[in-house]
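A.B. asks: This is the structure, below, for whatever I ask next.
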Amino acid sequence: MSNRSFHNIYNLSDQQLEDLDKAEEMLESQHLNSAEELLLEMLKNYPDCIPVLNNLGVLYGKYLLEYEKAISYYNKVLKLEPSNEWARAERRRYERYVEY
């Protein structure tokens, strides 16, 4: 996988990168249950993996409309990486739909 066009800032293994690619393909093709299973399995093995947490936020917010779950995953990202503006913006987007 040395021919990737981005810098692997999280030092993910080739297997993690392959699994993330697979999960994103599943999301795009609306295989949401399969994507969820794969991402949650990855999360068990790598609980602080920011790309997995972000993808779970996307799954629950954009695809499943489970905004509270999406917000909780973005909160985890921001706890690990407070400067992650993308996660902050996504969290803010879904907070509009949730009453606290």
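The values are calculated or read from the model by the stated rules, or taken from the named source; none is laboratory data. Nothing here was measured: the structure is a model prediction, and the numbers come from that model. Here the Cβ positions follow ideal geometry from the backbone for every residue, glycine too, while neighbour counts run over all protein chains shown. Accessible surface areas use protein heavy atoms only, side chains included; no ligands, DNA or RNA. Shrake-Rupley method; radii C 1.70, N 1.55, O 1.52, S 1.80 Å.
A.B. asks: Quick one: what pairs do we get from the range 23-50, first residue in contact (Cβ under 8 Å) with a residue 40 or more places away in the chain, second surrounded by 12 or more Cβ atoms within 10 Å (Cβ to Cβ) and of a type in the set (Val, Ile, Thr), C-beta under 8 Å, 6+ apart or different chains?
C.D. replies: Ile50/Val77
A.B. asks: Report every pair of residues separated by at least 6 positions or lying on different chains whose Cβ atoms are under 7 Å apart, first residue within the range 69-83 and of a type in the set (D, E, K, R), second surrounded by 14 or more Cβ atoms within 10 Å (Cβ to Cβ) and part of a helix (DSSP H, G or I).
C.D. replies: Listed by first residue and then by second, the contacts come to Lys69/Tyr60; Lys76/Leu53; Glu81/Ile50.
A.B. asks: May I ask you to list the residues in the range 85-100 that are more than 14 Å from the chain's Cα centre (by Cα) and under 16 Å from Tyr63 (Cβ atoms)?
C.D. replies: Arg93, Tyr94, Tyr97, listed by residue number.
A.B. asks: Looking for something open to solvent by less than 70 Å² (accessible area, probe 1.4 Å) and in contact with a Lys or Arg (Cβ under 7 Å, 6 or more places away or on another chain) - is there at least one such residue anywhere in the range 20-35? Show your work before the answer.
C.D. replies: As a first pass, look at the range 20-35 and keep what is open to solvent by less than 70 Å² (accessible area, probe 1.4 Å): 20-21, 23, 26-27, 29, 32, 34-35.
In the following step, the residues that additionally are in contact with a Lys or Arg (Cβ under 7 Å, 6 or more places away or on another chain) were identified as none.
For the range 20-35, residues open to solvent by less than 70 Å² (accessible area, probe 1.4 Å) and in contact with a Lys or Arg (Cβ under 7 Å, 6 or more places away or on another chain): absent.
A.B. asks: Let me ask another. All but one of (1) surrounded by fewer than 18 Cβ atoms within 10 Å (Cβ to Cβ); (2) of a type in the set (Phe, Trp, Tyr); (3) at pLDDT 95 or above hold for Tyr10, so report the exception by its number.
C.D. replies: With (1) surrounded by fewer than 18 Cβ atoms within 10 Å (Cβ to Cβ); (2) of a type in the set (Phe, Trp, Tyr); (3) at pLDDT 95 or above applied to Tyr10, the lone miss is (3).
Table: residues versus (1) acidic (Asp, Glu); (2) more than 20 Å from Asn33 (Cα to Cα); (3) touching a Leu at 6+ places or on another chain (Cβ under 7 Å); (4) open to solvent by less than 70 Å² (accessible area, probe 1.4 Å).
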{"residue": "Lys62", "(1), (2), (3), (4)": "no, no, no, no"}
{"residue": "Tyr67", "(1), (2), (3), (4)": "no, no, no, yes"}
{"residue": "Tyr73", "(1), (2), (3), (4)": "no, no, yes, yes"}
{"residue": "Lys76", "(1), (2), (3), (4)": "no, yes, yes, no"}
{"residue": "Leu80", "(1), (2), (3), (4)": "no, yes, no, no"}
{"residue": "Trp86", "(1), (2), (3), (4)": "no, yes, no, no"}
{"residue": "Ala89", "(1), (2), (3), (4)": "no, yes, no, yes"}
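A.B. asks: Answer yes if at least one residue in the range 36-51 is open to solvent by less than 80 Å² (accessible area, probe 1.4 Å), hydroxyl-bearing (Ser, Thr, Tyr) and either on the phi < 0 side of the Ramachandran plot or at pLDDT below 95 (or both), and no otherwise.
C.D. replies: no
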